[in-house]
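Below: one structure, written as structure tokens.
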Amino acid sequence: MVIVTIIIFILLLLLRVPIAYVLGITTISYIIISGSTNMLITVPQRLFSGLESYSLLAIPLFMMAGEVMNKGGITRRLVQFAQSIVGHFKGGLAYVNVIANMLLASIIGSATAQIAMMSRTIVPEMAKEGYDRNFSVATTASAGLLGPIIPPSMMFIIYGVASGTSIGTMFLAGIMPGILLSFAFAGVIAYIGYKQKWQGRPRRKVSDMLRSFIVVVPALLVPVVIVVGILSGAFTPTESAAVACAIAFIVGFFIYREISLKDLPSIMIGTAISTSIITILIGMANLFGWMLSAERIPQALANWMTSLTESTLMFLLLINILLLLIGMVMDGIAALIILVPIFMPVIANFGIDPVHFGVIMCFNLTLGLLTPPVGNGLYIASSLGEVKMEHLVRSILPFLFVAIITLFILTYLPQLVLWIPSLLE
């Protein structure tokens with residue numbers, strides 16, 4: 001029975017059926033094959049219970065903040081601000097790409113949204129400046145990985161809900177990994193620029209930099225208010241998402257004056273579409289997790305992994321390898337919802353901090369966006385950046401290599417992850 005269910009799951013993945021449907025169809029198939037058709041009655045209840053969490057409200061709210069930012073000209077001004085700071089360096093636009101993604105990550109929290117957005121904006125600019133298009137798209141796709149790591153992050157929210165870990169603490173723990181990954185990508189750009197002997201551009205005047213900063217200050221209010229509000233306890237992460245929406249709208253409507261009331265329907269529709277995709281995925285993943293629990297697979301896997309080694313260092317290595325493989329074939333959010341309940345008892349046995357483990361897990365599964373055969377980030381960047389997939393994969397390898405190195409540094413130096421949260425305890 002279990003073997004047949006696994007075969008159905010693998011076949012559906014190979015047929016490239018959307019992962020939400022894969023999880024739902026596999027679960028229903030298991031119920032029918034097992035003959036427990038009375039379980040079908042509770043399926044709607046299970047779907048609903050997987051979504052019945054106040055913290056999950058932050059997801060549509062942060063998505064709405066991203067939609068408002070795009071319409072309100074905030075995104076464009078963030079890119080212009082980054083360009084005024086580092087645009088004169090050799091490979092300046094590539095650095096702008098990374099810095100702009102850092103700033104966007106502090107508001108949007110979605111890698112695919114950032115990759116799609118930046119592929120439409122900065123890739124054409126880099127092409128005009130003479131950058132190789134494959135490199136431009138690879139830089140954009142790689143920098144998009146910062147979205148789920150730098151707070152606020154949808155993956156951190158989902159991990160916090162699934163594990164019972166403080167979402168605010170998860171947000172704080174993501175700051176240092178995001179900075180380290182940004183520096184790692186900057187190192188790759190510097191190396192490629194040195195090898196290809198890029199030329200720098202004229203340095204901007206100080207007055208131009210100051211003017212660009214003044215213009216972008218209202219846009220920077222969004223991430224500042226989110227972080228300060230959570231740290232001060234003024235509001236919860238979910239409430240901070242609502243505050244972010246309000247500030248983004250005020251800035252776009254009253255200060256930049258690029259949003260009008262007639263834009264609200266399209267903003268709401270875009271938010272609803274994006275939210276519905278994640279919502280059905282969360283519901284189906286919860287249903288799939290229910291099936292795994294019925295077969296006591298979490299307990300069996302926990303016992304098996306504990307029996308493999310008693311070393312925490314070796315266990316973390318095995319976990320990272322397993323998650324890298326899972327990220328290649330499964331959506332990161334779905335994998336989180338399924339695997340977190342499985343791993344929580346195991347990490348307790350090894351004495352691993354759940355916040356540290358959460359950052360490792362989210363970071364690791366995010367890399368799956370850039371790895372075939374699923375690799376949604378690759379497909380989005382390839383399509384919108386207008387480059388061939390095989391060329392993009394080749395160009396993205398250096399970025400993926402340093403990202404994996406960063407992952408293992410964070411894995412074995414937990415103080416890098418826990419340092420900022422420990423300062424505020």
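The values are calculated or read from the model by the stated rules, or taken from the named source; none is laboratory data. This structure is a prediction, so every number in the text was calculated from the model and none was measured. Here the Cβ positions follow ideal geometry from the backbone for every residue, glycine too, while neighbour counts run over all protein chains shown. Note: areas computed on protein heavy atoms with side chains; ligands, DNA, RNA excluded. Shrake-Rupley method; radii C 1.70, N 1.55, O 1.52, S 1.80 Å.
For segment 1-31, the set of residues classified as closer than 23 Å to P44 by Cβ and hydrophobic (A, V, I, L, M, F, W, C) consists of I8, F9, L12, V17, I19, A20, V22, L23, I25, I28, I31, listed by residue number. The C-beta contact set for segment 202-231 (first residue over 19 Å from L93 (Cα atoms), second residue small (G, A, S) and open to solvent by 40 Å² or more (accessible area, probe 1.4 Å), distance under 8 angstrom, 6+ apart or interchain) comprises V228/A234. Cβ-Cβ distances below 8 Å connect the following pairs, each with a first residue in segment 18-43 that is farther than 18 Å from I7 by Cα, a second residue that is open to solvent by 50 Å² or more (accessible area, probe 1.4 Å) and β-branched (V, I, T), and a separation of six or more residues or different chains: L40/I28; V43/I28. Within segment 184-233, restricting attention to residues that are under 29 Å from M170 (Cα atoms) and open to solvent by 50 Å² or more (accessible area, probe 1.4 Å), the residue that is modelled with the highest pLDDT is V217. Summed over segment 131-167, residues that are assigned to a loop (DSSP other than H, G, I, E, B) and either touching a helix residue (DSSP H, G or I) at 6+ places or on another chain (Cβ under 6 Å) or open to solvent by less than 10 Å² (accessible area, probe 1.4 Å) (or both) total 8. Quick one: in segment 66-77, of everything that is buried (at least 24 other Cβ atoms within 10 Å of the Cβ) and either among the aliphatic types (A, V, I, L, M) or touching a Phe, Trp or Tyr at 6+ places or on another chain (Cβ under 6 Å) (or both), which residue is farthest from M154 (Cα to Cα)? So the residue we want is G72. From the list T238, T271, the one residue that fits, being open to solvent by less than 80 Å² (accessible area, probe 1.4 Å), closer than 25 Å to T169 by Cβ, in contact (Cβ under 8 Å) with a residue 40 or more places away in the chain and polar (S, T, N, Q), is T238. Of the residues making up segment 68-93, those that are under 20 Å from the mean Cα position of the chain (by Cα) and within 22 Å of E125 (Cα to Cα) are M69, N70, T75, L78, V79. The number of residues in segment 78-106 that are among the hydroxyl-bearing types (S, T, Y) and open to solvent by 10 Å² or more (accessible area, probe 1.4 Å) comes to 2. Apart from one condition, F401 fits all of (1) open to solvent by less than 80 Å² (accessible area, probe 1.4 Å); (2) within 19 Å of the chain's Cα centre (by Cα); (3) not small (G, A, S); the exception is (1). Considering only residues in segment 311-341 that are within 25 Å of G377 (Cβ to Cβ) and of a type in the set (V, I, T), the one that is surrounded by the fewest Cβ atoms within 10 Å (Cβ to Cβ) turns out to be I321. Considering segment 107-130, the residues that are crowded, with 23+ Cβ neighbours inside 10 Å and part of a loop (DSSP other than H, G, I, E, B) include one that is modelled with the lowest pLDDT, namely G109. Please enumerate the residues belonging to segment 1-43 that are open to solvent by 30 Å² or more (accessible area, probe 1.4 Å), within 12 Å of L287 (Cβ to Cβ) and either of a type in the set (A, V, I, L, M, F, W, C) or touching a Lys or Arg at 6+ places or on another chain (Cβ under 6 Å) (or both). Matches in segment 1-43: I25, I28, M39, L40.
On the stretch given as segment 6-29, residues that are more than 19 Å from I337 (Cα to Cα) and of a type outside the set (A, V, I, L, M) total 2.
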